[in-house]
Amino acid sequence: FVSQAYKEYVGSYNVLIYPFCLITKELGNRLGNYFQEVACAEASGLHFIAVHPQWDLTGSFHGNSTNATDHNKVAFLKALPDIIVHKQPLDASQARDKIKHACHCTRYCWQHVNAPWVNRTAIL
């Protein structure tokens, strides 16, 4: 959002865009990133959109990749929301200020006491 990398696509809408790529063997880390971005958008008064989801199931737990287990994994991933409309969106200037304050760390931050999702578990 801050870099305006997707401005061409979202126009004047204040949206945090998250490219959602996931390798199954990294499920915990990648879901942590996803939840962090969802919470960051909420804390900053932004709408959230996960784009271009790519899920690699070939790295499943110890190679245990069968049609039945893959179906369950894909069903779980598809159940995650890819669009979240903020109930009280802020204007671009306010959102920029909030995102810089609330989301100063955007990767592997979910263990920090002040990480956005830590105080916003209800939205998850």
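The values are calculated or read from the model by the stated rules, or taken from the named source; none is laboratory data. The model shown is predicted, which means the values in this text are computed figures rather than measured ones. Glycine gets a Cβ as well: all are built from the backbone with ideal geometry, and neighbour counts include every protein chain shown.
When you look at Val2, is it out of contact with any helix residue (DSSP H, G or I) (no Cβ under 8 Å at 6 or more places or on another chain), surrounded by fewer than 18 Cβ atoms within 10 Å (Cβ to Cβ) and either in contact (Cβ under 8 Å) with a residue 12 or more places away in the chain or among the charged types (D, E, K, R) (or both), yes or no?
Here the answer is no, as Val2 does not meet what is asked.
I'd like to check something: does segment 1-14 contain any residue that is among the hydrophobic types (A, V, I, L, M, F, W, C), modelled with pLDDT of 80 or more and within 23 Å of Thr121 (Cβ to Cβ)?
No, the conditions are met nowhere in segment 1-14.
Can you tell me which of Asn14, Asn29, Asn33 is closer than 18 Å to Ala95 by Cα, among the polar types (S, T, N, Q) and either touching a residue at least 60 places away in the same chain (Cβ under 8 Å) or buried (at least 21 other Cβ atoms within 10 Å of the Cβ) (or both)?
Asn14
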